[in-house]
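The values are calculated or read from the model by the stated rules, or taken from the named source; none is laboratory data. Computed from a predicted structure; not experimentally measured. Counting neighbours? That spans all protein chains shown, and the Cβs are built from the backbone with ideal geometry, glycine included.
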Amino acid sequence: MLPRSFAKHLSKNNLLNPPDQTELFDAVDATWAPLALHNHAGWIIREGAGGGQRVSAATLLPDVRDAKISAAVDKMVSIGQNPLFMIRKQDGAVDKELQTLGYHIVDPVAILITPTKTLLGLPPQPINQINQLDTPNAGAIKIWAAGGIDQNRLNVMARVNVPKTILSASGAGAAFAAAYNNIAMVHAVEVANKHRRKGVANALMYAACQWAHDRNCKWVAVLTVRDNIPAKKLYQTLGMAEAAAYHYRVKPL
């Protein structure tokens with residue numbers, strides 16, 4: 001079921017047939033890939049190989065309600081990961097159980113989407129050429145490193161096996177985009193400090209949308225932590241609205 005605010009956004013802008021929650025979360029896994037997905041005792045266990053929370057968290061399999069948290073914990077420990085759970089709207093019962101067990105909420109995340117045609121209808125920002133690359137160049141690597149996107153996260157991008165591209169804005173910014181079904185997910189949008197507030201992020205999103213359009217994607221999506229207010233404001237100015245959300249639960253060490 002869509003969030004009420006997003007349903008109102010669709011109605012106001014005459015937008016129909018958005019991807020559902022399952023499609024969005026499938027697109028996240030396909031476009032920001034774990035090293036492995038383990039189907040274990042009612043859970044999907046992501047093996048992240050140091051690539052961050054998104055590729056290292058456990059989630060319940062669809063329609064599973066009685067999976068034991070201890071089974072997920074044992075599996076994550078066995079592959080060398082600290083127990084970490086991704087909690088979606090439908091996971092209310094396990095969320096309460098994790099809270100009782102002392103797991104704290106960290107990094108609530110919003111998934112924002114917009115039709116590709118909406119972004120293409122905006123005027124592109126006049127900045128230097130944005131190049132589409134198969135592998136990151138030195139400029140993109142430097143920008144990403146400054147933003148905390150290290151080699152392990154570059155490895156995440158490298159193992160994505162759906163259509164993908166790296167967008168490099170001539171040393172000013174970089175982003176990664178990948179397409180799954182009719183959804184283009186844009187990840188790792190970073191702008192060099194001296195180029196911020198100059199429209200670089202807008203231009204990267206516009207370029208990602210052009211790339212998505214060429215691959216017949218009807219929707220463009222991004223993920224952002226709720227605390228990143230500037231990013232949320234940027235995406236909202238591009239006509240993007242929240243279509244799904246999740247948070248993590250982790251037990252302090």
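Data overview
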quantity: Check on Lys194, without any contact (Cβ under 8 Å) to a residue 24 or more places away in the chain and either outside the structural domain of Asp134 (by TED's automatic domain parsing) or not acidic (Asp, Glu) (or both); calculated: yes
quantity: Only one of Val77, Val106, Val28, Val94 that is buried (at least 21 other Cβ atoms within 10 Å of the Cβ) and within 24 Å of Asn152 (Cα to Cα); calculated: Val28
quantity: One residue from Asn182, Asn161, Asn131 being under 28 Å from Leu84 (Cβ atoms) and either of a type in the set (D, E, K, R) or out of contact with any Leu (no Cβ under 6 Å at 6 or more places or on another chain) (or both); calculated: Asn161
quantity: Criterion (over 14 Å from Tyr248 (Cβ atoms) and not small (Gly, Ala, Ser)) met by exactly one of Asp91, Asp66, Asp107, Asp95; calculated: Asp66
quantity: Hits in the range 229-253 (condition: over 18 Å from Asn182 (Cβ atoms) and surrounded by 15 or more Cβ atoms within 10 Å (Cβ to Cβ)); calculated: Ala231, Lys232, Leu234, Tyr235, Leu238, Glu242, Ala245, Tyr246, His247, Tyr248, Arg249, Val250
quantity: Residue list for the range 187-218, restricted to those being more than 23 Å from Ala158 (Cβ to Cβ) and among the small types (Gly, Ala, Ser); calculated: Gly199, Ala201, Ala203
quantity: Filter pass, Val64 being closer than 23 Å to Ala36 by Cα, among the β-branched types (Val, Ile, Thr) and part of a helix (DSSP H, G or I); calculated: no
quantity: Condition met for Asn202 (in contact (Cβ under 8 Å) with a residue 24 or more places away in the chain, surrounded by 16 or more Cβ atoms within 10 Å (Cβ to Cβ) and in contact with a Phe, Trp or Tyr (Cβ under 9 Å, 6 or more places away or on another chain)); calculated: no
quantity: Subset of the range 41-55 that is farther than 18 Å from Asp95 by Cβ and part of a loop (DSSP other than H, G, I, E, B) - its residue that is farthest from the chain's Cα centre (by Cα); calculated: Ala41
quantity: Of all residues making up the range 221-240, the number that are assigned to a strand (DSSP E or B), out of contact with any Leu (no Cβ under 6 Å at 6 or more places or on another chain) and among the hydrophobic types (A, V, I, L, M, F, W, C); calculated: 3
quantity: Near pairs, Cβ below 6 angstrom, 6+ apart or cross-chain, from the range 51-77 (free of Cβ contacts under 8 Å to residues at least 12 places away in the same chain) to any residue that is part of a loop (DSSP other than H, G, I, E, B); calculated: Val73/Pro83
quantity: Residues of the range 205-228 classified as surrounded by fewer than 19 Cβ atoms within 10 Å (Cβ to Cβ) and either in contact with a Cys (Cβ under 8 Å, 6 or more places away or on another chain) or among the polar types (S, T, N, Q) (or both), total; calculated: 3
quantity: Counted residues, the range 109-137 - those being buried (at least 16 other Cβ atoms within 10 Å of the Cβ) and either touching a residue at least 60 places away in the same chain (Cβ under 8 Å) or under 18 Å from the mean Cα position of the chain (by Cα) (or both); calculated: 14
quantity: Every residue from the range 209-253 that is farther than 18 Å from Asp107 by Cα and basic (Lys, Arg); calculated: Arg215, Lys218
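One line per residue, one yes/no per condition, for (1) without any contact (Cβ under 8 Å) to a residue 12 or more places away in the chain; (2) not small (Gly, Ala, Ser); (3) not assigned by TED's automatic domain parsing to the domain that holds Ala57:
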residue	(1), (2), (3)
Cys209	no, yes, yes
His213	no, yes, yes
Asn216	no, yes, yes
Ala221	no, no, yes
Asn228	yes, yes, yes
Lys232	no, yes, yes
Tyr235	no, yes, yes
Leu238	no, yes, yes
Val250	no, yes, yes
